[in-house]
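The values are calculated or read from the model by the stated rules, or taken from the named source; none is laboratory data. If you're wondering where the values come from, they're calculated on a predicted model, not measured in any experiment. Neighbour counts run over all protein chains shown; Cβ positions are idealised from the backbone, glycine included.
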Amino acid sequence: MFSRPDHAGFLPLAQLPSLIAELMALGYQCLGPTRENGAIVMRELESPNDLPRGLQAEQAPGRYRLTSDPHKRYFAWANGPQAIKPQTFAPQESLWRVERDAAGHLQFAAVQPAVTRQAIIGVRACDLAALALQDAHFLREGRRDPQYAQRRDQLFLVAVQCAEPAATCFCASTGDGPTPTAGYDLALAELADGFVTVAGSDRGEAVLNGLKLAPATAQQIEAARQQGQAAAAAQTRSLPGRHLRDSLMSRLEHPRWDAVAARCLACGNCTAVCPTCFCHAEADIPALDGGRSEHVRSWDSCFGEAHGHLHGFNVRADIRSRYRQWLTHKLATWHDQFGRSGCVGCGRCIAWCPVGIDLTEEVAVLTEGGQP
Amino acid sequence: MNAPTACKPRVAVHKFSSCDGCQLAFLNLGEALLTLAERVDLVHFAEAGPLDPDTDADVAFVEGSISTPDDLERIRRIRKHSRMLIAIGACATSGGIQGLRNQANGAEWVAQIYSHPEAIASLERSTPISSHVKVDFELWGCPVSGPQMLAVVNALLLGVAPRDNADKVCTECKRQGYPCVMVSRGIACMGPVTRAGCNALCPSLGRDCYGCYGPAENANTDALAAQFGHLGLTPAAVVRRFQSINSQAPVFLAAADKLRAGSHD
């Protein structure tokens with residue numbers, strides 16, 4: 001976000017509500033960080049002044065606790081249990097329905113999602129990297145997913161630089177953060193008295209111009225840049241490399257798979273909170289009167305039984321094969337599919353694993369010694 | 001039995017040792033029950049009205065566990081009169097809450113509670129329907145939910161096998177966006193070993209799942225029990241988490257037995 005320093009504005013702390021007011025005036029439903037059930041989740045802000053200050057969360061393997069930032073910053077939290085995924089890839093939705101008409105013929109119709117213009121305030125660099133991967137999957141040439149595309153098109157993304165990574169974060173090692181570099185409409189870096197603000201799209205530019213901000217000074221931009229570097233340096237976890245395909249695929253019989261399977265609950269939480277996981281199941285839900293049926297798509301997980309079920313047998317009957325499938329797809333075969341790893345270093349799979357399995361620790365043991 | 005002559009399938013709902021809650025899942029369907037009544041003949045359903053326990057049925061839903069000598073005799077009769085038998089609820093699928101007596105001295109309890117214990121005819125153990133007759137499909141839950149029941153009836157009406165969802169409660173919990181209560185609040189949740197179907201009702205209220213839908217497939221009870229220990233539960237408290245509504249479900253019973261054996265070391 002510092003590639004065009006002459007285009008950066010400075011949004012004073014007290015003026016943050018005016019940015020939200022501007023987005024609301026443009027017809028956006030604004031989602032911002034909200035404290036809910038012991039976690040930070042994105043919920044609709046009722047008014048421009050609703051953005052909470054001082055929210056923070058302490059994260060560790062299998063542990064997430066809300067805390068308070070003594071400096072009362074707006075964005076001193078690293079992340080919550082979900083990135084942007086639920087906003088674009090709906091956890092459960094009807095894709096089409098079929099009805100029997102008066103003549104007894106079946107009529108098929110696509111179900112159009114009810115789409116509202118949404119602005120998300122507080123998107124992280126890792127979330128943007130994950131969104132780019134979801135785009136690569138759902139919007140690929142010739143296979144554009146209409147439901148995803150409609151929701152994606154109307155999103156306005158206000159990204160923020162991470163100044164306080166959680167203990168579970170490792171985006172610096174995947175190359176996806178902590179400072180946003182692409183994929184946002186607006187990006188903010190929070191300093192003590194306000195935000196270095198840049199636009200990353202035409203509509204972001206229009207909103208930025210409307211705010212009539214003073215240009216950010218060279219000192220402010222430098223402070224933000226250093227803050228990003230400090231946040232990267234503060235990360236305590238990392239992956240041993242960005243291309244682990246060969247080292248992982250040559251260790252498919254490593255004893256560590258058994259050790260991790262003994263600890264893994266196969267609950268699928270890691271895949272549900274992972275911002276790049278896109279697996280889903282589809283099922284038909286017939287109405288009781290026999291006159292119509294809905295074709296429903298739901299989030300699925302490679303940790304579930306049905307995911308590995310082929311006609312007559314299951315290719316991944318045990319937890320070992322499911323964990324291995326997840327990890328080797330995410331970090332190895334993803335390269336073949338999408339040209340990069342499927343991990344953006346957000347650390348959600350570590351924090352939200354009920355038994356605290358640490359992906360970085362597993363990978364370190366599995367790939368010890370590098371490529372064979 | 002004779003093949004049914006009417007085009008509407010004949011459906012019976014039978015009760016064994018249970019609280020009636022699963023039958024209520026039918027009655028609570030409201031308007032959907034009226035639609036259902038147009039598509040099937042409810043030939044026996046004591047709680048709703050029709051009484052004909054020995055009649056032939058295409059589908060018999062059976063609630064409750066086998067807990068008395070009379071239960072034992074009656075379930076065999078019902079099996080003979082039913083083309084398809086579906087066990088509904090924790091009692092029918094695992095022996096239910098009353099299965100707790102299987103780990104205790106039931107006769108002693110009866111003597112303590114009843115002034116005329118000789119009037120109580122009770123088997124030593126409470127057991128699931130499948131221990132006694134062939135069961136064609138099991139619907140777990142305490143109680144089962146209305147939508148689950150409808151899905152089964154619907155599948156049968158369409159002539160397809162009912163869909164069995166043995167995934168964990170967590171899958172439904174995460175789809176609805178509830179943050180994991182084990183992670184965010186440090187409370188011992190049975191969701192990761194428990195079968196889905198309730199739409200994560202307890203986590204939706206910020207509390208822990210207590211396993212009323214019974215074991216999910218590939219339930220890693222060892223790993224969950226270890227984590228409960230890390231969260232501060234004593235071994236006895238962990239045993240109680242597995243010894244509740246579905247105490248006799250083999251996976252939960254084995255988990256509890258293993259913990260009990262371990263704590264005696």
What's the number of the only condition in (1) under 14 Å from the mean Cα position of the chain (by Cα); (2) closer than 24 Å to A:Gly27 by Cβ that A:Arg124 fails to meet? (2)
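Restrict the check to the stretch B:101-108 and report whether at least one residue is surrounded by fewer than 15 Cβ atoms within 10 Å (Cβ to Cβ), in contact with a strand residue (DSSP E or B) (Cβ under 9 Å, 6 or more places away or on another chain), in the same structural domain as B:Arg39 (by TED's automatic domain parsing) and not hydrophobic (A, V, I, L, M, F, W, C).
Within the stretch B:101-108 (the criterion being surrounded by fewer than 15 Cβ atoms within 10 Å (Cβ to Cβ), in contact with a strand residue (DSSP E or B) (Cβ under 9 Å, 6 or more places away or on another chain), in the same structural domain as B:Arg39 (by TED's automatic domain parsing) and not hydrophobic (A, V, I, L, M, F, W, C)), the answer is no, since none of the residues qualifies.
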Considering the stretch A:288-302, residues that are touching a Pro at 6+ places or on another chain (Cβ under 7 Å) and surrounded by 18 or more Cβ atoms within 10 Å (Cβ to Cβ), and then whichever is nearest to the other protein chains (Cβ to nearest Cβ), we arrive at A:Trp299
One residue from A:Thr328, A:Thr367 being at pLDDT 95 or above, buried (at least 19 other Cβ atoms within 10 Å of the Cβ) and more than 29 Å from B:Ala225 (Cα to Cα): A:Thr367
Find all pairs meeting these conditions: Cβ atoms under 8 angstrom apart; at least six residues apart or on different chains; first residue within the stretch A:20-33 and within 17 Å of A:Trp77 (Cβ to Cβ); second residue of a type in the set (S, T, N, Q). A:Leu31/A:Gln87; A:Leu31/A:Gln118
Please work out which residue is surrounded by the fewest Cβ atoms within 10 Å (Cβ to Cβ), limiting yourself to the stretch B:156-188 and to residues that are in a helix (DSSP H, G or I) and more than 8 Å from chain A (Cβ to nearest Cβ). B:Leu156
Check the stretch A:14-27 and report whether any residue there is part of a strand (DSSP E or B) and either surrounded by 19 or more Cβ atoms within 10 Å (Cβ to Cβ) or among the aromatic types (Phe, Trp, Tyr) (or both). no
Going by the structure shown, is B:Glu124 in a loop (DSSP other than H, G, I, E, B) and closer than 27 Å to B:Tyr210 by Cα? yes
Out of (1) more than 14 Å from chain B (Cβ to nearest Cβ); (2) among the hydrophobic types (A, V, I, L, M, F, W, C); (3) farther than 30 Å from B:Arg185 by Cα; (4) in contact with a Phe, Trp or Tyr (Cβ under 9 Å, 6 or more places away or on another chain), the odd one out for A:Val98 is which? (1)
Counting only residues that are within 14 Å of chain B (Cβ to nearest Cβ) and under 17 Å from A:Val160 (Cα atoms), how many does the stretch A:1-42 have? 6
Condition first: part of a loop (DSSP other than H, G, I, E, B), within 28 Å of A:Ala317 (Cα to Cα), free of Cβ contacts under 8 Å to residues at least 24 places away in the same chain and polar (S, T, N, Q). Can you find one or more residues in the stretch B:215-232 that meet it? yes
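Examine the stretch B:122-136 for a residue that is touching a Cys at 6+ places or on another chain (Cβ under 6 Å) and surrounded by 14 or more Cβ atoms within 10 Å (Cβ to Cβ), and state whether such a residue exists.
Within the stretch B:122-136 (the criterion being touching a Cys at 6+ places or on another chain (Cβ under 6 Å) and surrounded by 14 or more Cβ atoms within 10 Å (Cβ to Cβ)), the answer is no, since none of the residues qualifies.
Looking at this structure, is A:Thr333 more than 10 Å from chain B (Cβ to nearest Cβ), part of a helix (DSSP H, G or I) and surrounded by 17 or more Cβ atoms within 10 Å (Cβ to Cβ)? Working first, answer last.
Working: more than 10 Å from chain B (Cβ to nearest Cβ): yes; part of a helix (DSSP H, G or I): yes; surrounded by 17 or more Cβ atoms within 10 Å (Cβ to Cβ): no.
No, not satisfied.
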What number goes with the only condition from (1) over 16 Å from B:Ile88 (Cα atoms); (2) assigned to a loop (DSSP other than H, G, I, E, B); (3) at pLDDT 90 or above; (4) more than 14 Å from every other protein chain (Cβ to nearest Cβ) that B:Ala6 does not pass? (3)
Just one listed residue, out of A:Gln29, A:Gln112, is modelled with pLDDT of 95 or more and outside the structural domain of A:Ile285 (by TED's automatic domain parsing), and it is A:Gln29
Filtering the stretch A:346-358 for residues that are closer than 16 Å to A:Gln82 by Cβ and away from chain B (no Cβ under 13 Å) leaves a count of 1
Cβ pairs under 7 Å, 6+ apart or interchain, first in the stretch B:118-130 and assigned by TED's automatic domain parsing to the domain that holds B:Gly89 and free of Cβ contacts under 8 Å to residues at least 12 places away in the same chain, second assigned to a loop (DSSP other than H, G, I, E, B) and among the hydrophobic types (A, V, I, L, M, F, W, C), ordered by first then second residue, are none
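Being within 14 Å of another protein chain (Cβ to nearest Cβ) and either surrounded by 22 or more Cβ atoms within 10 Å (Cβ to Cβ) or under 23 Å from the mean Cα position of the chain (by Cα) (or both) is true for just one of B:Leu224, B:Leu253. Which residue is that?
Unique residue meeting the criteria: B:Leu224.
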Got a sec? Which helices (runs of 4 or more DSSP H) wholly within the stretch B:19-99 have at least 1 residues that are out of contact with any strand residue (DSSP E or B) (no Cβ under 7 Å at 6 or more places or on another chain) and closer than 30 Å to B:Ala119 by Cα? B:21-27, B:69-81, B:89-94
State all residues of the stretch A:262-287 that are among the β-branched types (Val, Ile, Thr) and either in contact with an Asp or Glu (Cβ under 7 Å, 6 or more places away or on another chain) or more than 8 Å from every other protein chain (Cβ to nearest Cβ) (or both); if no residue qualifies, say none. A:Thr271, A:Thr276, A:Ile285
Against the definition (under 26 Å from A:Gly290 (Cα atoms), more than 7 Å from chain A (Cβ to nearest Cβ) and of a type in the set (S, T, N, Q)), how does B:Ser145 come out, yes or no? yes
Return a yes/no flag: does the stretch A:38-48 have any residue that is modelled with pLDDT under 95, in contact with a helix residue (DSSP H, G or I) (Cβ under 7 Å, 6 or more places away or on another chain) and either among the acidic types (Asp, Glu) or within 21 Å of A:Arg203 (Cβ to Cβ) (or both). yes
Regarding the stretch B:57-67, can at least one residue be identified that is touching a residue at least 12 places away in the same chain (Cβ under 8 Å), closer than 12 Å to B:Phe16 by Cβ, of a type in the set (D, E, K, R) and surrounded by fewer than 17 Cβ atoms within 10 Å (Cβ to Cβ)? no
Of (1) touching a residue at least 40 places away in the same chain (Cβ under 8 Å); (2) more than 10 Å from every other protein chain (Cβ to nearest Cβ), A:Val315 satisfies all except one. Which? (1)
B:Arg240 versus (1) part of a loop (DSSP other than H, G, I, E, B); (2) surrounded by fewer than 24 Cβ atoms within 10 Å (Cβ to Cβ): which is the lone unmet condition? (1)
Taking the stretch B:144-153 and keeping only residues that are surrounded by fewer than 22 Cβ atoms within 10 Å (Cβ to Cβ) and either in a loop (DSSP other than H, G, I, E, B) or free of Cβ contacts under 8 Å to residues at least 60 places away in the same chain (or both), one is left with B:Ser145, B:Pro147, B:Ala151
